[in-house]
Structure formats: C-alpha cells, structure tokens
Amino acid sequence: MMSQLSGAAPSRATDEQIARIRDVAMRTFQASSTVVYWIDDRRHMVVADVVGPGMRYIDRYIRDMKPFDPLNIERLVASGKRIATISQDRHLAPACDFEHYRGYLRDSDVTDVLDFVFWCDDEPFAGLGILKSPDDPSISEETLRIATSLQPYLEFNLGNHPRHRLWRRHRQMRLIYGLTDREIEVAELIGNGSTNQDIADALEIGLGTVKTHLLRIFRKMDVSNRTRLSARLAGIDIDATASTVRHGML
C-alpha cells in the first residue's frame with residue numbers, strides 16, 4: 001500500500017483539500033499515521049500526504065518490502081476492492097510473502113492497515129492508507145461499516161481535486177482525440193494563451209516543431225484555429241467535471 005512513495009520523512013499536506021481528507025480520516029478512524037496517494041497511469045502511487053510515526057520506515061518499504069505487502073497497489077487494484085485491511089485481506093499475498101511482511105509491520109509498530117482505493121470510470125485514481133499502532137483502537141466490524149459509508153464521500157472529494165480533474169482531461173484527450181503526451185503539453189499551453197515562441201521556450205523545442213504539433217492537434221481535434229481549440233479544451237474540462245460529479249454522487 002505504500003509503493004512508489006516520494007520521500008522518506010513524514011510531510012505536510014500539499015494543499016488544504018488533501019489536508020481536510022487526511023484529518024477526517026485520522027479523526028474518524030482514530031489512527032496516528034496516514035498516507036494519501038494518487039494512482040498514475042502505470043498503476044504506481046504518487047504520494048500527496050504522509051503523516052505519523054508509522055511512516056518512518058518508508059525507505060525500507062520501497063526498497064525491500066513492497067512485493068510482500070498484501071495490500072500493495074497492484075494487489076488492491078487487481079482485487080477490485082475499495083476497502084481492505086491487513087487482518088482480513090492478507091490472503092491477497094501468498095502466505096510466505098505475508099509472513100515476511102509481518103516482520104516489517106512489527107518493526108514499524110503497525111498492528112493493522114485499513115486501505116481505501118478510489119475509482120472513477122472503472123479506473124483507480126487515488127488511495128488512502130490508515131496505519132494502526134498498538135496505542136490506536138483496533139479495526140472492528142464497526143470500523144469497516146463506517147469505512148464503507150465514508151468511502152463514497154472521500155472518493156467524491158478526491159474526484160473533484162484539481163489534479164484528478166486534470167488527469168481526466170488529459171485521459172480524454174488521449175482516448176477521444178488520440179493526442180500524444182507532447183501534443184497534450186502543447187495544447188494545454190495554447191489553452192493558457194501561450195504564443196508559439198512561449199511554447200518553444202517552455203518545452204525547449206524549435207518553432208518549426210511547435211507548428212508541426214499545432215497542425216497535428218488541429219487535425220486530430222477537428223478545429224481550424226487556436227480560439228476553437230481553446231473552446232474545445234474548455235469543453236473537455238466541463239465534460240470531465242460533470243462526469244466526476246455524476247460518478248461521485250452514485
């Protein structure tokens with residue numbers, strides 16, 4: 001559940017929205033350690049926020065322990081679960097892996113883990129790990145009932161985070177219009193009002209290359225000029241937001 005973590009020390013939340021989600025989770029589940037993370041296109045975790053003493057051995061986890069974790073992101077996503085705990089879902093890993101991982105948990109003073117995975121349009125986009133220490137209340141059936149009720153609320157709020165909205169926007173640009181990652185970069189810069197020279201400077205490419213990208217973007221998105229491209233990009237953002245809201249309110 002902690003793969004691909006960037007940085008080994010507990011950190012402050014990157015923004016207020018993430019901090020609110022983290023604080024709600026810590027209060028609700030009476031835990032001293034949490035991690036909030038995004039899930040990228042390669043199904044890797046990108047940490048948004050890490051707090052608490054249970055996270056002090058992150059380096060060891062990344063270096064040595066991730067493959068043995070029953071709740072690593074690959075296993076959670078493959079299982080399709082939205083909520084899982086070490087105590088109830090350790091079978092997601094082979095028994096020999098879990099026995100090896102149990103020593104890491106003991107060294108980290110972690111007695112159990114409650115993991116959330118948040119989904120949108122059948123794709124996982126974020127997660128939340130609640131790490132229980134010996135001094136924290138244990139995870140009970142009531143805990144799981146509350147977690148099941150809270151999961152859609154957390155999913156909805158993270159789904160409306162600007163980072164996720166941007167991810168959805170770029171995903172639609174790839175899937176619907178067939179834009180490459182570089183063409184998406186150029187299109188976004190155009191949408192922000194950048195000139196060809198601005199784009200060349202920002203991406204460290206020649207003006208001729210910028211023009212080639214523009215022609216391909218115009219053709220793929222069926223527009224004839226920068227104004228219509230900006231309007232089309234704004235429409236993608238509106239569509240992505242609306243879809244996120246509909247998904248979160250189900």
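Just so you know, all these numbers are worked out from the coordinates, no wet-lab data involved. Worth saying up front: this structure is predicted, and the values here are computed from it rather than measured. Please note: Cβ atoms are built from the backbone with ideal geometry, for glycine as well, and neighbour counts cover all protein chains shown.
Could you tell me which residue out of Phe125, Gln151, Leu114 lies farthest along the dipole of segment 1-155 toward its positive end? Charges go on the beta carbon: Lys and Arg +1, Asp and Glu -1, centred on the Cα centre. The one lying farthest along the dipole's positive direction is Leu114. Between amide H atoms placed 1.01 Å from N, distances below 5 Å from Asp112 occur with Lys132, all of them 5 or more places distant or on a separate chain. I'd like the orientation of helix 95-107 relative to the chain: the angle between its Cα long axis and the longest Cα principal axis, in ° from 0 to 90, rounded to 10. Once rounded, the angle reads 80 degrees. Under unit Cβ charges (Lys, Arg +1; Asp, Glu -1), what dipole magnitude, rounded to 20 debye, does segment 110-170 have relative to its Cα centre? Magnitude of the dipole: close to 460 debye.
Centroid-to-centroid, using Cα positions, segment 193-222 and segment 32-63 are 36 Å apart.
Listed values for segment 159-164 are Karplus-derived 3J(HN,Hα) couplings in whole Hz (6.51 cos²θ - 1.76 cosθ + 1.60, θ = phi - 60°), namely x, 9, 5, x, 5, 6, and x replaces Gly and Pro. Mean projection of the Cα convex hull over all viewing directions, computed for the chain: 14.5 nm². Lysine pairs in the chain whose alpha-carbon atoms fall under 28 angstrom of each other, counting only those eight or more residues apart or on distinct chains, come to 4. The GNM of the chain, with springs linking C-alpha atoms under 10 angstrom apart, assigns the highest mean-square fluctuation among Ser138, Ser230, Ser194 to Ser194. All C-alpha to C-alpha distances of segment 6-102, sorted into 5 Å bins beginning at zero, yield P(r) values of 2, 12, 20, 24, 24, 14, 3, 1, 0 percent in whole numbers. Of the residues Ile86, Ile62, Ile199, the one that moves most in a GNM of the chain with alpha-carbon contacts below 10 Å is Ile199.
Overall, the chain carries a charge dipole of about 720 debye about its Cα centre when +1 sits on the Cβ of Lys and Arg and -1 on the Cβ of Asp and Glu, all other atoms neutral.
The HN-Hα couplings worked out from phi for segment 146-157 by the Karplus form 6.51 cos²θ - 1.76 cosθ + 1.60 (θ = phi - 60°) are 5, 4, 4, 6, 7, 4, x, 5, 5, 4, 4, 5 Hz, whole numbers, x standing for Gly and Pro. Spin-label model, Asp222/Asp40: points 7 Å from Cα along the beta carbon direction are separated by 3.3 nm. Highest GNM mean-square fluctuation among Leu128, Leu203, Leu92, for the chain modelled with Cα contacts below 10 Å: Leu203. Once both labels are positioned 7 Å from their Cα atoms along Cα-to-Cβ, the gap between Ala78 and Thr180 label points is 3.3 nm. Remark on Asp49: its backbone amide H falls under 5 Å from those of Val36, a criterion applied only to residues 5 or more positions apart or on other chains, H modelled at 1.01 Å from N.
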